[in-house]
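Chemist: I'd like to ask you about the structure that follows.
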Amino acid sequence: MKKLFFVFTTVMLIASSLRAQEAVEESKASAREPVGISIGVDYYSHYLWRGTRFFGDDGAFIPALSWDVMGSGLTLGMTMELSASYFFEGFQAKPKKYYFSGDGIPYKKQLKLIREGYLNHSLDFGADYSYTIPEAVTIGISVWYYWYFNNPGARELARPVYTEANTGYMLRSRPVDLSFQTTALTLGIDAVPFINPAISIAHDWYTAEKLAGDFYVQLSIGHDFEVTKEVTVGIGTAAGYYYYRTGEATRFYISYDAATGAFSPERDRSPLIKGVSDITTRIELAFTKGPISLNGGFFWVAVPAKSWYKGDTVHRYYAKVGASCSI
């Protein structure tokens, strides 16, 4: 009996020791597992959005923060879009202190701020979710809100609105807030691995203006080549079709009824703009060492639809560089 008790006790001690060692190893492994948080910043020599020079001729800094929620496929993110001229000219807070390039008004502070960049600064919040059926498809859905925080007080974006007063109809300015929400659904065909074809459909809703109906459909192919363990080179092409009928779709005017002699405020819509807004070819280089990643790339954008290039050049080029850190 004593021998049996001794053997049993010895086995239990060994098992307990092994379990304790496994717990230590699991603890060390979990300590090494990434949290899923990534922070970084990219610089674009020219900032194009769906083929359009969204910041005029200005570049842009885009800092970003994201969290991959415990490998669930859900990623929460936040970004900012700041024009390069604003970044280099000292982060002035009020537009009246600026010298806007091209308007010829000599303010005391001769800051060379590009107006389109300043007006379109944004703070963006969003969530992305993806689900993969191995060797078949990857399905993704994303919801983002783009808040253009300079819009509400910007006289440069004011629309004419007519109101009745004692002396008749008077013109006043109402700022235009172009903040919008976009929802996108993406389908990647993993069954064709080398060129990785994908289609994405986005719907835009301009929240402040209560206007909806814009759609953007993009087809893309591309592949990332692993040069070394740390270096990858990516190439690809994407084409987008933009159905655009909001944003600047409303104009206000005064109508006159000759029969009654009455004036009344009315509003009208601009013509619908649609067509292939951009075909983008890219080549990108990424270097990753541990938690640090550096990237750069060159992009050639062709704007085939005449309604989109509007007298501007059809072919547009820009470069980007960036860095990020993941923990």
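Chemist: Yes or no: the range 244-265 includes at least one residue that is surrounded by 14 or more Cβ atoms within 10 Å (Cβ to Cβ), part of a strand (DSSP E or B) and modelled with pLDDT of 70 or more.
Modeler: yes
Chemist: If you don't mind, another one. State all residues of the range 280-306 that are closer than 19 Å to Asp57 by Cα and outside any strand (DSSP E or B); if no residue qualifies, say none.
Modeler: Val303
Chemist: Which of the residues that make up the range 120-135 are open to solvent by 10 Å² or more (accessible area, probe 1.4 Å) and either assigned to a strand (DSSP E or B) or not acidic (Asp, Glu) (or both)?
Modeler: Going through the range 120-135, the residues open to solvent by 10 Å² or more (accessible area, probe 1.4 Å) turn out to be 120, 123, 125-135.
Listed by number, the residues that qualify are Asn120, Leu123, Phe125, Gly126, Ala127, Asp128, Tyr129, Ser130, Tyr131, Thr132, Ile133, Pro134.
Chemist: Restricted to the range 191-227, and to residues that are within 17 Å of the chain's Cα centre (by Cα) and charged (D, E, K, R), which residue is farthest from Lys274 (Cα to Cα)?
Modeler: Among residues in the range 191-227 that are within 17 Å of the chain's Cα centre (by Cα) and charged (D, E, K, R), the one farthest from Lys274 (Cα to Cα) is Asp204.
Chemist: Can you go through Thr75, Thr52 and tell me which one is free of Cβ contacts under 8 Å to residues at least 60 places away in the same chain and under 24 Å from Ala238 (Cα atoms)?
Modeler: Numbers: Thr52 fails: free of Cβ contacts under 8 Å to residues at least 60 places away in the same chain.
Going through Thr75, Thr52 in turn, the sole match is Thr75.
The values are calculated or read from the model by the stated rules, or taken from the named source; none is laboratory data. The structure presented is a predicted model; accordingly, all values stated were derived computationally and were not measured. Virtual Cβ from ideal backbone geometry, glycine too; neighbours counted across all protein chains shown. Areas reflect the complete protein model, heavy atoms only, side chains present, ligands, DNA and RNA absent. Shrake-Rupley method; radii C 1.70, N 1.55, O 1.52, S 1.80 Å.
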